[in-house]
1. At 0.36 nm per residue, and after removing the present C-alpha to C-alpha distance, how many nm does the segment from residue 413 to residue 461 gain when stretched out fully?
2. Using a 1.4 Å probe on the protein heavy atoms, what percent of the accessible area of segment 410-485 belongs to carbon and sulfur?
3. Which net charge results when you count Lys and Arg as +1 and Asp and Glu as -1 among the other residues whose beta-carbon is under 15 Å from that of residue 412?
4. With a 1.4 Å probe and every protein chain kept in, tell me what percent of the accessible surface of segment 72-222 is carbon plus sulfur.
5. Could you please report the charge total around residue 132, scoring K, R as +1 and D, E as -1 over all other residues with beta-carbon less than 13 angstrom from its beta-carbon?
6. Quick one: length gained pulling residue 546 to residue 121 fully straight, 0.36 nm per residue minus the C-alpha distance?
7. Please calculate the 1.4 Å probe accessible area of residue 519, with all protein chains present, and give it to the nearest 10 Å².
8. Using r as the Cβ-Cβ distance of residue 149 and residue 97, and R0 as 35 Å, what FRET efficiency do you calculate, to the nearest 0.05?
Amino acid sequence: MAKLVVIAQARGPVLVCEEGLSLWGGVDPATSTIIDKRHPQHGAQLAGRIVLMPTSRGSCSGSGVLLGLALAGVAPKALVFRETEEILTLGAVIAQRLFGFDIPVVQLGPQDYADLAREAEAEITQTELRAGAHNWPLVPVAASDLALSATDRGFLDGEHGEAARLAMEVIATVAAAQGAERLMDVSRVHIDGCIYASPAFLTFARAMADKGGRVRVPTTMNAISVDHANWRAQGVDEGFGLPASQLADAYVEMGARPSFTCAPYLLADQPKQGEEIAWAESNAVIYANSVLGARTVKHADFMDLCIALTGRAARTGVYLTEARRPRRRVHVARPEGADDAFWPMLGWLVGQAAPDRIPLICGLEESAPSADDLKALCAAFGTTSAAPMLHVAGVTPEADLVPTEDADEVTLTKEDFAELWQMFNAASDQVELVSFGSPHFSVAECSALAALMEGREVSPKVTAIITLGRDSLAEIASTGVKVRLEASGVRLVADVCWCSITEPVFPPATRVLMTNSGKYAHYGPGLSNRAVRFGSLAECVEAACTGRAPNTPPTWCTKAG
């Protein structure tokens, strides 16, 4: 059955994205050009096209980027998905309901999707999708398809104010599109939409705050786009720094806690196994589901606030035990001598091997990864897979869930790691910037870096920066680790992360940066427009002190023979 999720009309040329796309970090918000250099359609423009993709992937901020494209006049004509999709669908719903921009969203079955992908042009009406000789009837999705509680209907009737009414309308519309039967309570929310990726983010937040929005459950906030207290002293342009800080302020005004971290699982009050929460920020969602055993789908930016204003979310996806079962076994043996770079590389490779399903990683039962190893694994996985979680046999709390009946198997080899190392390290070995903290560095990671820098200093030709949450910064300040890091020449920047950092905090003269983050190795080239090198924590320290990245891979990830 073909579903019309956002009801509107469109006609235009078809652009087929062979893989899922993260609009945030993968698309230029000013032009709609695909800037993800590893995407098959790199360089294509979304504007004016009926865009087909299996589903979206990567960042939860794609909804805000889509709204920004609409406000800038460069949005796609329509979006067509092969699978259930929330992030861009939500952006289209917000664009229409709050701002009057029509971007139809259609869900097609696999065969119909394949047939449409072979056509050059298509037309969407409120009742059908036409392309070539094909004519598909469309079934509109409506919030009335849900079994709403009296509380839900109270929100829709405006009993809790206009912002909460609009929030429930958005939740119910998207929930119906997802096939949910009802809504459910959540215990807490993490907001991702506080990153100033475009003026659209402030426009939305300010509109909801002005309508009287107030959070109803404990709500934390993601990293923002500036160091809130210090951006002027850091030389950030007023035209960017002011609206970026105003965006953060709007969420605080609505009752959110100014935690300003992309790693909310590092805060003292971690979610418990089985706890139903509503988090945005892709790496946090994957870590919460996979490592903590909490339950949250990958909520899109703007949906996070809607849920915070109502305390209600669609009971669908990985909130349900059945949906948490793995659909692909990925076999891998940890190479002898593998260092900490193994885990982010593994995450990237597993995501590539399971781009649209939850994997069970087998073969690492005796590996005993640390919490930071798992953080790196989950963050890198989120760059190449749309799945909201993974399992590691013998390690993660739900790895004993029985795989689905159709689960298949793939094997990762040493050659796969060797090829990825080469892809991540194609740039010059001369490094001007070393990036730590994507996601935000933990207290343990700060301590490990301080130990490696003991008796050494960052080269005068290199800048080394850690981004971290303000809670972690306060803790390392109390233990002396902050002083040790700064004495060795490492800079510490709170509130922002590498996925939101801008010049001049990001050193403008940088040509090549090095990172130990698989997530930033993936997004960095498109986000920073710089070349990127990747390596272990120790290799990044060496690069910080010498200005040189290693020219050869470590022996554990060289090709056999």
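The values are calculated or read from the model by the stated rules, or taken from the named source; none is laboratory data. Computed from a predicted model, the values in this text were never measured in an experiment. Neighbour counts run over all protein chains shown; Cβ positions are idealised from the backbone, glycine included. These area figures cover heavy atoms from the full protein model, side chains too; ligands, DNA and RNA do not enter into them. Shrake-Rupley method; radii C 1.70, N 1.55, O 1.52, S 1.80 Å.
1. Values: separation 48, 0.36 × 48 = 17.28 nm, distance 3.74 nm.
Here the answer is 13.5 nm.
2. 53 percent
3. 0
4. 47 percent
5. Here the count lands on -3.
6. 147.6 nm
7. About 10 Å², ignoring ligands and nucleic acids.
8. Working from the Cβ atoms, E equals 0.95.
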